[in-house]
1. Need the full-extension length gain, Ser130 to Thr148, defined as separation in residues times 0.36 nm minus the C-alpha distance. One decimal, nm.
2. Using the Karplus curve 6.51 cos²θ - 1.76 cosθ + 1.60 with θ = phi - 60°, what ³J(HN,Hα) values do you get for each residue of segment 42-48, in whole Hz, with x for Gly and Pro?
3. Got a sec to turn the phi values of segment 150-156 into Karplus ³J(HN,Hα) couplings, 6.51 cos²θ - 1.76 cosθ + 1.60 with θ = phi - 60°, whole Hz, x for Gly and Pro?
4. Given R₀ = 35 Å, what would the calculated FRET efficiency be for Arg112 paired with Leu70, taking r from the Cβ atoms and rounding to 0.05?
5. DSSP loop (so not H, G, I, E, B), at most 15 other Cβ within 10 Å: list which trypsin sites (Lys or Arg not before Pro) in segment 108-167 pass both filters.
6. Non-local amide H neighbours of Val40 (under 5 Å, H modeled in plane, Pro and chain starts lacking H): which ones?
7. Assuming a ≥ b ≥ c are the square roots of the Cα gyration tensor eigenvalues, decide whether segment 69-167 counts as rounded (a/c under 1.5), prolate (otherwise, with a/b larger than b/c) or oblate.
8. With charges only on Cβ, +1 for K and R and -1 for D and E, what is the dipole size of segment 49-167 about its Cα centre, in debye, rounded to 20?
Amino acid sequence: MHRAGACLITSPIRLNQSTKRQSGPPSPAMILQNEGVSQVHANPTARWLYAVIGFGFVGIGIIGYILPGLPGTVFLVLALGAFRKSNPVLEQRLLNNRYVGKTLRDWETYRRVPVRIKVISITCIWVFGSATIYRGFQLWHNVAGLITACMLALMVFGTVYILRQKS
């Protein structure tokens, strides 16, 4: 306890083991440990709903890795958040996945996007966005200007958003 003027401050400052810097990436168990506070929702119906939403996002994320133009990692990050509120075991399985686990752990730990992923993402945005504009001119002559304007706005927005993320 500290006395500050007439106010009595009773909130001590605690150092948690998870706040210490490490030389390598933290273990998935350390990622799950959030200062001892569980993020699992108390309501069983809400947990079930979050699990369903998480599985939906995993499905869209897998499709995103297969289909060009649809991001996959974004939906897996959303699934991670949904699983965090529904079932920590599902969250752990996603974090330990051999294909996407490292990317998700990096995002959870450092909130950064690797430079390689940025280059791939921006390249895909411009290649497939340009293909959409080109195809739009061929199919819809009367609204080609609108399609071009919308696509260019989305492409610029996506590029700026990705470039603003930490690397």
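1. Going from the current span to full extension adds 5.6 nm.
2. 6, 7, x, 5, 5, 4, 4
3. Karplus-based 3J(HN,Hα) across segment 150-156 equals 5, 5, 5, 4, 5, 5, 5 Hz.
4. After rounding to 0.05, the efficiency reads 0.95.
5. Hits after loop and neighbour filter: Arg111.
6. none
7. Prolate, since a/c reaches 1.5 and a/b exceeds b/c.
8. Magnitude of the dipole: close to 380 debye.
A short reminder: the numbers here are calculations on the coordinates, not readings from a lab. This is a predicted model, so every value here is computed, not measured. As a convention, Cβ positions derive from the backbone with ideal geometry for all residues, glycine included, and neighbour counts pool all protein chains shown.
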